[in-house]
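Working notes, beginning with the structure itself.
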Amino acid sequence: MTITDDLQKLLDILPQDLQQALVNHPHRDSLVEVVLDLGRRPEARFPHEAEYLSESSVTQAQIDDCIERVGTFGGDNRAGIEQTLHRISAIRNRTGKIIGLTCRVGRAIFGTIGMIRDLVETGKSILMLGRPGVGKTTALREIARVLADDLNKRVVIIDTSNEIAGDGDVAHPAIGRSRRMQVAKPELQHQVMIEAVENHMPEVIVIDEIGTELEALAARTIAERGVQLVGTAHGNQIENLIKNPTLADLVGGIQAVTLGDEEARRRGSQKTVLERKAPPTFDIAVEMLERQRWVVHESVADTVDNLLRHRPPNPQIRSVDYQGNIVTTRQLTVVNGRNGHITNEDESLPIARPGGLRASGQMLALPPLTVERERLPVRNEFDRLLDESFSYYETPQVHHASAGPNGEDLPLHIYPYGVSRHQLEQVVDVLNLPVILTKDLDNADAILALRSHIKNHAKLRQMAKARHLPIHIIKSSTIPQITRGLRRLLNMDDPENSDERELQLLLHSGSDDEMDALEEARLAVEQIVIPKGQPVELLPRSSQVRKMQHELVEHYRLKSDSFGEEPNRRLRIYPA
């Protein structure tokens, strides 16, 4: 990896005493920027620290002297030093006078895109995301050089602030054979983007800092003409673009869609959902978390679709180890609840119990679950459909323990809240689970609660948090929900005979009429719905019996619905 920075040319514009301090500085080669603010001490910033260069405050004369040695400041308050990549940014007072300067070091780093070179060579459009200072522009400059010199493509750079190819009319050698188009005013960038395609027949367009709706629209127009796009945008992750109405078009645009009853049932979602409006402008997205650690979304369309449906994406993580080798791993993610203390029926987040009464070991990770999140209620405002937050967490390694999931001694003491004790005892007895039900919260290892009851019981949540008790929530007090909740608490995989035992619980826990209704549903599922893929309507039943039939259908992971008027209301079972 070769680094070229022309640092001396940047130091030459600074006052003499500051030049001397930086020339002899031990960390000179890693200098990021020099900050000069009127009336304050001059400051040098390095990757992990900042320090003052002088005990004297910066004067207006020093600032004016620096301004005279650089180029003209444009509408974006940026200037440069000719034939270099350095950027000088100005801070003005209310009258327009410059009272502060940020002198940022520009470096051409050859070999910086080794982690994604294979993606660059595919010819697909690539969007670079990341916080300021992480190296987006440096990577963009190197991508342009590789495309032009190594792959012999016609590359045009839209250089709004002259940061990619340097200040002056002659472009910096770091961009290779790429051509550079300068922009007179920042607000005209979208026009220059279209002009580049219409006048210069590029195969690749390189754009830095797509930040307005017009620029996003121009990028889509360019992509639809078959030109490869490589650009950066304001945002740290793809989720930031989804929630940004100005730039959402870069990932396909987001719209609220109302589904029909059948489709909503098939998806298992609410009727009003968010969907991607069009194909994304960029095929690939790269989230630059750190300079040597990037997250790669190989298909932006799939990532956006998964996020909108509350499913975790599965991106690549590419990093460079100490030997300079590129390491590629796959990031498995889970989507957590809002507060991290209480989980829904599909998620478990045990809390470490260093001082628990019955803890005898360290907390062990629960196995990852393939689940679907609880849906938001239907709302009229578009923004409120987007107020879910998506967070990435690497999947923990799974340990199979002989003790409880958090190292407790078995049997596990469970405090039920809002859950039918009779059904709990029935499940524990039939499945022979190492569980004891307790009425004493101090002796409990965990709480199994009904969602509707725990939601508004802040006092119990506070007591659980104080005692380091994990709370596991189930939707309803039914046998399938209770069974799955207890298995999660015990960190158990489903045994081979779990289906037969659950069926035994369902089919032998009621009156003759209930057993007949459940047998009717079982035969319909096993003989018609599953093998033939056809929906089936059952005989009219009471509401209590229909509820049991719904539980049985849920056991087979199928959808069912009640329809008709009482007393002829009956169940309809749908194929998967």
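The values are calculated or read from the model by the stated rules, or taken from the named source; none is laboratory data. Small disclaimer: the values here were computed from a predicted structure and weren't measured. Cβ sites come from the backbone with ideal geometry, for glycine too, and all protein chains shown count toward neighbours. Remember, those area values only see protein heavy atoms, side chains included, never the ligands or the DNA or RNA. Shrake-Rupley method; radii C 1.70, N 1.55, O 1.52, S 1.80 Å.
If I ask for residues that are of a type in the set (A, V, I, L, M, F, W, C) and touching an Asp or Glu at 6+ places or on another chain (Cβ under 8 Å), which ones from segment 440-488 would you list?
L469, I473, I474, I479
The rows are residues; the columns are (1) under 19 Å from R141 (Cβ atoms); (2) outside any helix (DSSP H, G or I).
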site	(1), (2)
T232	yes, yes
N236	no, yes
E239	no, no
P245	no, yes
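For L274, only one of the following conditions fails: (1) touching an Asp or Glu at 6+ places or on another chain (Cβ under 8 Å); (2) of a type outside the set (S, T, N, Q); (3) modelled with pLDDT under 90; (4) assigned to a strand (DSSP E or B). What is its number?
The one condition L274 does not meet is (1).
Taking the stated definitions as given, is E198 surrounded by fewer than 24 Cβ atoms within 10 Å (Cβ to Cβ) and in a helix (DSSP H, G or I)?
Working: surrounded by fewer than 24 Cβ atoms within 10 Å (Cβ to Cβ): yes; in a helix (DSSP H, G or I): yes.
Considered against the rule, which asks whether it is surrounded by fewer than 24 Cβ atoms within 10 Å (Cβ to Cβ) and in a helix (DSSP H, G or I), E198 comes out as yes.
Do we find that G71 is open to solvent by 30 Å² or more (accessible area, probe 1.4 Å) and either of a type outside the set (V, I, T) or at pLDDT below 90 (or both) in this structure?
Details: open to solvent by 30 Å² or more (accessible area, probe 1.4 Å): no; either of a type outside the set (V, I, T) or at pLDDT below 90 (or both): yes.
Answer is no for this residue.
Is there a residue being open to solvent by 20 Å² or more (accessible area, probe 1.4 Å) and within 18 Å of E551 (Cβ to Cβ) anywhere in segment 452-472?
Start the filter on segment 452-472 by keeping residues that are open to solvent by 20 Å² or more (accessible area, probe 1.4 Å), which leaves 452-453, 455-459, 461-463, 465-468.
Adding the requirement that they be within 18 Å of E551 (Cβ to Cβ) leaves 452.
Taking every residue of segment 452-472 in turn, at least one turns out to be open to solvent by 20 Å² or more (accessible area, probe 1.4 Å) and within 18 Å of E551 (Cβ to Cβ).
Conditions first: (1) open to solvent by 10 Å² or more (accessible area, probe 1.4 Å); (2) in a loop (DSSP other than H, G, I, E, B). V192 passes all but one, so which condition is the exception?
(2)
Hey, can you tell me all the residues within segment 430-439 that are open to solvent by less than 50 Å² (accessible area, probe 1.4 Å) and among the polar types (S, T, N, Q)?
T438, the sole residue that qualifies.
Out of all the residues in segment 194-222, which are in contact (Cβ under 8 Å) with a residue 60 or more places away in the chain and either of a type in the set (K, R) or closer than 18 Å to R177 by Cβ (or both)?
Taking segment 194-222 as the starting set, the residues that turn out to be in contact (Cβ under 8 Å) with a residue 60 or more places away in the chain are 204, 206, 208, 216, 219-220.
Scanning segment 194-222 gives V204, V206, R220.
Conditions: (1) open to solvent by less than 60 Å² (accessible area, probe 1.4 Å); (2) among the polar types (S, T, N, Q); (3) at pLDDT 90 or above. T84 meets all but one. Number of the miss?
Here T84 meets the rest and fails (3).
How many residues does segment 137-169 contain that are open to solvent by 10 Å² or more (accessible area, probe 1.4 Å) and part of a strand (DSSP E or B)?
1
Could you tell me which of the residues G133, G123, G96, G75 is more than 32 Å from the chain's Cα centre (by Cα), part of a loop (DSSP other than H, G, I, E, B) and within 30 Å of A248 (Cβ to Cβ)?
Numbers: G133 fails: more than 32 Å from the chain's Cα centre (by Cα); G123 fails: more than 32 Å from the chain's Cα centre (by Cα); G96 fails: within 30 Å of A248 (Cβ to Cβ).
Exactly one residue qualifies, and that residue is G75.
From D249, D208, grab the single residue that is part of a strand (DSSP E or B), surrounded by 15 or more Cβ atoms within 10 Å (Cβ to Cβ) and not aliphatic (A, V, I, L, M).
Numbers: D249 fails: part of a strand (DSSP E or B).
So the residue among D249, D208 that is part of a strand (DSSP E or B), surrounded by 15 or more Cβ atoms within 10 Å (Cβ to Cβ) and not aliphatic (A, V, I, L, M) is D208.
Any residue in segment 170-177 that is under 21 Å from I116 (Cα atoms), touching a His at 6+ places or on another chain (Cβ under 9 Å) and β-branched (V, I, T)? Break it down into steps so the answer makes sense when it comes.
Quick first cut of segment 170-177, residues under 21 Å from I116 (Cα atoms) only: 174-177.
Remaining after also requiring touching a His at 6+ places or on another chain (Cβ under 9 Å): none.
There is no residue in segment 170-177 that is under 21 Å from I116 (Cα atoms), touching a His at 6+ places or on another chain (Cβ under 9 Å) and β-branched (V, I, T).
Out of (1) in a helix (DSSP H, G or I); (2) open to solvent by 20 Å² or more (accessible area, probe 1.4 Å); (3) within 30 Å of R546 (Cβ to Cβ), the odd one out for D442 is which?
Evaluating D442 over (1) in a helix (DSSP H, G or I); (2) open to solvent by 20 Å² or more (accessible area, probe 1.4 Å); (3) within 30 Å of R546 (Cβ to Cβ) leaves (3) as the failure.
Given L424, L460, L448, L433, which one is in a loop (DSSP other than H, G, I, E, B) and either touching a residue at least 12 places away in the same chain (Cβ under 8 Å) or touching a helix residue (DSSP H, G or I) at 6+ places or on another chain (Cβ under 8 Å) (or both)? Steps first, answer last, please.
Numbers: L424 fails: in a loop (DSSP other than H, G, I, E, B); L460 fails: in a loop (DSSP other than H, G, I, E, B); L448 fails: in a loop (DSSP other than H, G, I, E, B).
Criteria check complete, one pass: L433.
Given the conditions (1) within 26 Å of Q237 (Cβ to Cβ); (2) in contact with a strand residue (DSSP E or B) (Cβ under 6 Å, 6 or more places away or on another chain), report the number of the one that T112 does not fulfil.
Unmet condition: (2).
Inside segment 48-64, can you point out the residues that are without any contact (Cβ under 8 Å) to a residue 24 or more places away in the chain and crowded, with 17+ Cβ neighbours inside 10 Å?
Once the filter is applied, which keeps residues that are without any contact (Cβ under 8 Å) to a residue 24 or more places away in the chain and crowded, with 17+ Cβ neighbours inside 10 Å, segment 48-64 yields only V58.
Please go through segment 15-25 and pick out each residue that is touching a residue at least 24 places away in the same chain (Cβ under 8 Å) and under 42 Å from the mean Cα position of the chain (by Cα). I'd like the intermediate steps shown before the answer.
Of all residues in segment 15-25, those touching a residue at least 24 places away in the same chain (Cβ under 8 Å) come to 15, 17-18, 21-22.
Selection gives L22 alone.
Does segment 104-128 hold any residues that are in contact with a Lys or Arg (Cβ under 8 Å, 6 or more places away or on another chain) and open to solvent by less than 30 Å² (accessible area, probe 1.4 Å), and which are they? Can you show your working first?
Filtering segment 104-128 for residues in contact with a Lys or Arg (Cβ under 8 Å, 6 or more places away or on another chain) gives 104, 106, 108, 110, 115-116, 128.
Across segment 104-128, the qualifying residues are G106, A108, M115, I116, M128.
Residues in segment 27-47: is at least one without any contact (Cβ under 8 Å) to a residue 60 or more places away in the chain, open to solvent by 30 Å² or more (accessible area, probe 1.4 Å), assigned to a strand (DSSP E or B) and more than 23 Å from R180 (Cβ to Cβ)?
So the first thing to find is which residues in segment 27-47 are without any contact (Cβ under 8 Å) to a residue 60 or more places away in the chain, and the list is 27-30, 39-47.
Of the ones still in play, those that are also open to solvent by 30 Å² or more (accessible area, probe 1.4 Å) are 27-30, 39-41, 43, 45, 47.
Cutting the leftovers down to assigned to a strand (DSSP E or B) gives us 43, 45.
Next, only the ones that are more than 23 Å from R180 (Cβ to Cβ) stay: 43, 45.
Yes, because at least one residue in segment 27-47 is without any contact (Cβ under 8 Å) to a residue 60 or more places away in the chain, open to solvent by 30 Å² or more (accessible area, probe 1.4 Å), assigned to a strand (DSSP E or B) and more than 23 Å from R180 (Cβ to Cβ).
Taking segment 13-26 on its own, how many of its residues are assigned to a loop (DSSP other than H, G, I, E, B) and either surrounded by 13 or more Cβ atoms within 10 Å (Cβ to Cβ) or small (G, A, S) (or both)?
Looking only at segment 13-26, we keep the residues that are assigned to a loop (DSSP other than H, G, I, E, B), and these are 13-15, 24-26.
So of that shortlist, the ones also either surrounded by 13 or more Cβ atoms within 10 Å (Cβ to Cβ) or small (G, A, S) (or both) come out as 13-15, 25.
Total meeting the criteria: 4.
Within segment 499-529, track down each residue that is assigned to a helix (DSSP H, G or I), surrounded by 15 or more Cβ atoms within 10 Å (Cβ to Cβ) and modelled with pLDDT under 80. Lay out the reasoning, then the answer.
Residues of segment 499-529 that are assigned to a helix (DSSP H, G or I), as a first pass: 499-507, 512-529.
If we keep only those that are surrounded by 15 or more Cβ atoms within 10 Å (Cβ to Cβ) too, we end up with 501-503, 505-507, 514-515, 517-518, 520-522, 524-525, 528-529.
Scanning segment 499-529 gives R501, E502, L503, L505, L506, L507, E514, M515.
Filter segment 545-568 down to the residues that are among the polar types (S, T, N, Q) and in contact (Cβ under 8 Å) with a residue 24 or more places away in the chain, then identify the one that is most open to solvent (accessible area, probe 1.4 Å).
Taking segment 545-568 and keeping what is among the polar types (S, T, N, Q), we get 549, 560, 562, 568.
Narrowing further to those that are in contact (Cβ under 8 Å) with a residue 24 or more places away in the chain: 549, 568.
Numbers: Q549: 0, N568: 90 Å².
Once the filter is applied, the top-ranked residue is N568.
Looking only at residues that are of a type in the set (D, E, K, R) and surrounded by 15 or more Cβ atoms within 10 Å (Cβ to Cβ) in segment 303-333, which one is nearest to V273 (Cα to Cα)?
Restricting attention to segment 303-333, the residues satisfying the condition of being of a type in the set (D, E, K, R) are 305, 309, 311, 318, 321, 330.
Among the residues that remain, those that are also surrounded by 15 or more Cβ atoms within 10 Å (Cβ to Cβ) are: 305, 309, 311, 318.
Details: D305: 11, R309: 8, R311: 14, R318: 33 Å.
The residue in question is R309.
Being part of a helix (DSSP H, G or I) and open to solvent by less than 20 Å² (accessible area, probe 1.4 Å) is the filter here, so list the residues in segment 473-489 that pass it. Don't jump to the end; show me each part of the working.
Kept after step one, since they are part of a helix (DSSP H, G or I), are these residues of segment 473-489: 479-489.
Matches in segment 473-489: I479, P480, Q481, I482, T483, G485, L486, R487, L489.
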